[in-house]
1. Could you grab the pairs with beta carbons closer than 7 Å, sequence gap of 6+ or different chains, first residue in segment 304-320 and of a type in the set (Val, Ile, Thr), second one assigned to a loop (DSSP other than H, G, I, E, B) and more than 13 Å from ligand 1 (Cβ to nearest atom)?
2. Of (1) within 16 Å of ligand 2 (Cβ to nearest atom); (2) touching a residue at least 40 places away in the same chain (Cβ under 8 Å); (3) over 15 Å from Thr446 (Cβ atoms); (4) not in a helix (DSSP H, G or I), Gly572 satisfies all except one. Which?
3. What residue, among those in segment 545-559 that are farther than 23 Å from Glu466 by Cβ and surrounded by 20 or more Cβ atoms within 10 Å (Cβ to Cβ), is nearest to ligand 2 (Cβ to nearest atom)?
4. Please work out which one of (1) crowded, with 20+ Cβ neighbours inside 10 Å; (2) farther than 17 Å from Ile385 by Cα is the condition Leu280 fails and give its number.
5. Test Lys498 against the stated conditions and say whether it is open to solvent by 40 Å² or more (accessible area, probe 1.4 Å), in a loop (DSSP other than H, G, I, E, B) and more than 25 Å from Asp284 (Cβ to Cβ).
6. Report yes if Ile539 is within 16 Å of ligand 2 (Cβ to nearest atom) and either in a loop (DSSP other than H, G, I, E, B) or surrounded by 20 or more Cβ atoms within 10 Å (Cβ to Cβ) (or both), otherwise no.
7. Have a look at Pro416, Pro476, Pro438 and point out the one that is at pLDDT below 90 and touching an Asp or Glu at 6+ places or on another chain (Cβ under 6 Å).
8. Name every residue in segment 38-74 that is of a type in the set (A, V, I, L, M, F, W, C) and open to solvent by less than 50 Å² (accessible area, probe 1.4 Å), in order of residue number.
Amino acid sequence: MALSLPITELKGVGEELAKKLAVLGVKTVGDLITNFPRRYEDYSNVIPVRELHPGIVTLEATISQVTGRYVRRGMHITEAIATDETGSVRLVWFNQPYRAGAIKPSQAYYVAGEFALRRGRFSITNPSVELVGDFPVNTARIIPIYRETKGLKSFQIRKLVREAADIVKDMPEHLPQWLLDEQKLDDYTTAALEMHFPSGPEMLAKAQRRLGFEEVFQLTLAALLNKYELYKDKSIAIPFKEKLAKDFVAKLPFKLTDAQRKAVWKIYQDIDRTQPMNRLLEGDVGSGKTVVAAMASLMAIEQNYQVALMAPTEILARQHADTLYKLLDNVGYGGHVGLLIGSLKPKAKSLMHKKIKSGDVRLIVGTHALISERVDMHKLGLVIIDEQHRFGVQQRKKLQAKAGHMPHVLHMSATPIPRSIALTLYGELDISILEQMPPGRRQIKTKICSPNSRAQLYAQIDKELERGRQMFVVCPLITDSEISVGLSVEEVYERLSKKDFKHRHVGLLHGKMKSAEKEEVVRKFLDCKYDILVSTTVIEVGVDIPNATIMLVEGAERFGLAQIHQLRGRVGRGEHQSYAFLMLSDSRAPSQRLRALENTTDGFKLAELDLQLRGPGAIYGTMQHGALDLRVAKLTDTKLIATARNAAQMFIEKREKIAKYPHLAEKVSALRAITNLN
Ligand code: ADP
Ligand code: MG
């Protein structure tokens, strides 16, 4: 099959070039075809010489008077004249001595390049030149610009793609014919080739739609197949007991929000069935996910089932255990809550293991320690994963395996993922969103600051500290690098503790510290032993310190909006007015993007904005979800996403056998491994 031919089969691809292509991930002819352009430049407007204007132009002309010569310091210049019926223009090439020999007189050429004034004369510098009779790839069309690497330029790639296009003429179709007909999509071969050498803007748009559709279709099909496979497993039904739920709600110190009530109700319906629950509870920081988790747990433990709640850090696990104890103790179940974390003393740990095994402890809150082989669950009915993106598939699976059957699973996430992404990526999950905040929250006052107002800002901050409040300072780096000085935790810690706030107690926290050290620092901050905590983004997740009212973010322009929003959520958790100060690295005007943080506290809106402006990477930060590596589809194209999702659903409803479509089957099975959240 032509697609699987090694790239060296193409004319002019030797070992050297093959190595460079490999850097771009291109090893076969097929890879070359799916290495779609990053962007395009439009050279399609061919104009007469008379109408030349400064900028990118294409002419159709004959080329004459070609001369080459060396000028100072070994520089070579080729000059020529391009002529059509309307006039002539000078062409100049630098250091391309082969040009003179390559151009034939009285042939018609396309000449494309930048027409500009240089040294008092108008000319086209370093133009691309192609014979009019040939299929042009560098001129007279919308030309593809590829990702380049050292020694490998777009024009070289174009030449290869052109050659490959001839030998892959009829590529196998990836999608069912009925789907192409119904969605009026181009066949694969047409679309793939149009992506490289579009015959016009409409054809390019069609090709992009076709290939983007395919990507999202595959991704959602993978997620849906995972979902339906899960349905084959049986879980244990945990019947809904209305009185128990009402009792719990009546004893809460606050009234549930509608969003919370809806989420809880959905969960109760889910776990009352033998079909395993697989639900994502998405809610911005402070939206009140814990009480939802508590209510889900309550139903299970009252009926003698165990619940395992896994959190990514010990700090979080402790906080959860405390909160859940308090919430459940209201209805007499506090005694069933236990904490299992790595740093427990051996004796305490083995006692906890025993209590878990016997079923004395029914709500087990912990870290990765929960999945240790030594932990024997008694009757695990429900698994809750906090900050689900921080755990790998394997870790989640190990925890679920403790049940001996498929338990109900509730994933929780404080990352506001725009619905379009959530549905595509997590299509296998049912989703509940707490888009509504509990009432009566004070808004966090957010202000962008420039470094020359630092002294003033520090004075204002010191007044707050004087009143007994505390401050987080978040820095983008651990150690200073050459390019950014003064932004590292180390540097800022030095500056604040020895100079600017030397009369205060300053603590230091970063990801390279041992887990026990980190715990210690956070505990000291919680106990008000520090006024200021200088930290990297490790404090992003879940830390609850109500007395901290100031969040100072250094080098704010380096962070994504969603990330700053998460950081900002570390304050405003107590009764006092809280502040977020976003310090820029220099005194340039802040971007519109950052300004959005001053004006909105809606995490979902900010995530949407990040998605529009910076792409999905900004939302996931370091998460680097493999499935998000879409080459053509834009996750901001909600219409495309919705159509592709519906099509995937239909594919399943039609009971289509995926094996009928080998390419689709292969892609989908790879994606199933990535998107799997079971
Ligand atoms: P998160 O979603 O970030 O985990 P939490 O569950 O920690 O949020 O809740 C944040 C705070 O809001 C807690 O102090 C909690 O007691 C409080 N809270 C939760 N639900 C409500 C509500 N309906 N009304 C008032 N306060 C609430
Ligand atoms: Mg939480």
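1. Val307/Arg362; Thr313/Thr367
2. Just one mismatch for Gly572, condition (3).
3. So in segment 545-559, the residues farther than 23 Å from Glu466 by Cβ come out as 555-559.
From what is left, the residues that are surrounded by 20 or more Cβ atoms within 10 Å (Cβ to Cβ) are 555-556, 559.
On the way: Gly555: 27, Ala556: 24, Phe559: 21 Å.
The residue in question is Phe559.
4. In the conditions (1) crowded, with 20+ Cβ neighbours inside 10 Å; (2) farther than 17 Å from Ile385 by Cα, Leu280 misses (2) alone.
5. Working: open to solvent by 40 Å² or more (accessible area, probe 1.4 Å): yes; in a loop (DSSP other than H, G, I, E, B): no; more than 25 Å from Asp284 (Cβ to Cβ): yes.
In short, no.
6. yes
7. Of the residues listed, the single one that is at pLDDT below 90 and touching an Asp or Glu at 6+ places or on another chain (Cβ under 6 Å) is Pro416.
8. Ile47, Val49, Leu52, Val57, Leu59, Ala61, Ile63, Val66, Val71 - these are the residues of segment 38-74 that are of a type in the set (A, V, I, L, M, F, W, C) and open to solvent by less than 50 Å² (accessible area, probe 1.4 Å).
The values are calculated or read from the model by the stated rules, or taken from the named source; none is laboratory data. For clarity, every value in this text was computed on a predicted model and none was experimentally measured. Cβ coordinates were reconstructed from backbone atoms using ideal geometry, including for glycine residues, and neighbour counts include every protein chain displayed. Heads up: the accessible areas ignore ligands, DNA and RNA and are worked out on the full protein's heavy atoms, side chains in. Shrake-Rupley method; radii C 1.70, N 1.55, O 1.52, S 1.80 Å.
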